[in-house]
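Have a look at the structure below, then the notes.
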Amino acid sequence: MMRKGARNLITDVPGLLVGNAEDIRLKSGVTAVLCDPPATAAVQVLGGAPGTRETDLLAPHNTVQAVDAIVLSGGSAFGLDAASGVQAALREMGRGFAVGPHRVPIVPAAILFDLANGGDKDWGRYAPYRDLGYQAARAVSADFGTGSTGAGTGALTATFKGGLGSASTVLSNGITVGALVAVNAIGSATVGDTRHFWAAPFEMDDEFGGLGQPTPWPQDAAAPRFKFRERQASATNTTIAVIATDALLTKAEAKRLAIAAHDGFSRALWPSHTPLDGDLVFALSTGTSGKAPLLQDFIDLSAAAAATMARAIARGVYDARDAGDDLMPAWSSRS
């Protein structure tokens, strides 16, 4: 029997804290996940338009085994600067991979495209994401905001505003899995023109409205909705996420968990993994449970990862709120 974690956030996985920073005028922001101690990490990219930093080192055959933080940011390629701000904060904390007398904080990052969301991007010579990353790292806590905050501040989907979502699951064996996601998909998290979420079969305790599945099922439900299709916009998308567990995993097993979590994208977004999405999942293993899952346990963990990710995606859209000059309505504003 599975249940939600106490907070229903990724921070139900011991060893993780999350911080957000945003600029409302910019309609963009940064979310930082700090790992204390460093966590085993991997990544899986399935979208066709990713933007990343330090992802090669996460391959199972490469030297560095653990990371100090993961960064999710708006700003397209400009947002990769956010990792430098998080790295600066970690250096002040004395954190990082030891190289002789030096410490180098290991901070992989991914970005989403929110430049064309109506915000004022006239920031001058340098983009503000390095400073936002620093602020996010200094604001970390076990409790954090979701919806229109952090990396989800300016996120959009085909039918409603996107946002930052999180969810957690405790398995019957005591292992916890948590998800964090910035939902900025080219497709939709809701079925057809309804407010019903594709992720409805996985919902726990009405966490995103309790509407269930639409009845009757819309005849055009399978017809994809695409964000800004009429404008022929490109590269204005990407859903970026972190799946985490307190199970004791190798880098290769963490890679497999990231792959499994992508099934949550497919369950919660239609369509997903398109050539114009940079869909990506980082996986983190804190190992704090001390439990190394056997094969059957890992199958259960993988299923929980997919379901938890689907719930987090729906919660990101559900928690988004209206702001000035929005290009899309918030889910909460439609009855």
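Readers should treat all values here as calculations from the given coordinates under stated rules, not as data from a laboratory. Every value quoted in this text rests on a predicted model; they were computed, and no experiment measured them. Heads up, the Cβs are rebuilt from the backbone with ideal geometry, glycines too, and the neighbour counts pull from every protein chain shown.
Over 24 Å between Cα atoms, which of LYS27/LYS251; LYS161/LYS255; LYS255/LYS291 qualify?
Beyond 24 Å between Cα atoms: LYS27/LYS251; LYS161/LYS255.
Apply the Karplus parameterisation 6.51 cos²θ - 1.76 cosθ + 1.60, with θ equal to phi minus 60°, to every residue of region 169-176 and state each ³J(HN,Hα) to the nearest whole Hz, in sequence, with x for glycine and proline.
Whole-Hz 3J(HN,Hα) from phi for region 169-176: 9, 10, 7, 5, 8, x, 6, 10.
Which order do the peptides 95-105, 271-281, 139-149, 179-189 take when ranked by the mean count of other beta-carbon atoms within 10 Å per residue, highest first?
Those peptides, ordered most packed to least, come out 179-189, 271-281, 139-149, 95-105.
Under unit Cβ charges (Lys, Arg +1; Asp, Glu -1), what dipole magnitude, rounded to 20 debye, does region 10-324 have relative to its Cα centre?
For region 10-324, the charge dipole is close to 560 debye.
Going toward the positive end of the dipole of region 1-113, with +1 on Lys and Arg Cβ and -1 on Asp and Glu Cβ, which of VAL33, LEU9, THR52 do you reach last?
LEU9
Taking the chain as a Gaussian network, where each spring joins two C-alpha atoms under 10 Å apart, which residue of PRO50, PRO128, PRO293 fluctuates the most?
Fluctuation is largest for PRO293.
Across every pair of different alpha-carbon atoms, what Kirkwood hydrodynamic radius in Å does region 10-324 reach?
That comes to 18.9 Å for region 10-324.
Using alpha-carbon pairs under 8 Å, 6+ residues apart, how would you state the relative contact order of the chain in percent?
Reported as a whole number, the value is 25 percent.
Using amide H atoms built in the peptide plane, which far-off residues or other-chain residues are under 5 Å from SER188 H to H?
Residues meeting the amide H criterion: ALA158, ARG225, TRP270.
Would you calculate, for the chain, the mean residue ellipticity at 222 nm contributed by helices, counting each DSSP H stretch of 4 or more residues as -39,500 (n - 2.57) and dividing by all residues, to the nearest 500?
So the calculated ellipticity at 222 nm is -6000 deg cm²/dmol.
Report the local net charge at ILE240: Lys and Arg +1, Asp and Glu -1, summed over other residues whose C-beta lies under 10 Å from its C-beta.
-2
Between ALA89, ALA221, ALA110, find the one with the highest GNM mean-square fluctuation for the chain; connect C-alpha pairs within less than 10 Å.
The residue that fluctuates most here is ALA221.
Taking the chain as a Gaussian network, Cα atoms linked when under 10 Å apart, which of THR55, THR40, THR239 shows the biggest mean-square fluctuation?
Of THR55, THR40, THR239, the most mobile in the Gaussian network model is THR55.
Please give the net charge around GLY94, taking every other residue with its beta carbon less than 12 angstrom from that of GLY94, where Lys and Arg add +1 and Asp and Glu add -1.
Summing Lys/Arg as +1 and Asp/Glu as -1 gives 0.
Net charge near ASP120, counting Lys/Arg +1 and Asp/Glu -1 over other residues with Cβ under 15 Å of its Cβ?
So the environment of ASP120 carries a net charge of -3.
Output the DSSP H helices from the chain with an along-axis C-alpha extent of no less than 27 Å and a mean Kyte-Doolittle hydropathy no less than -1.0.
Flagged H segments are 295-318.
For region 93-203, what class follows from the C-alpha gyration tensor (a ≥ b ≥ c being the square roots of its eigenvalues): rounded when a/c is under 1.5, otherwise prolate if a/b is larger than b/c, else oblate?
Cα axes put region 93-203 in the oblate bin.
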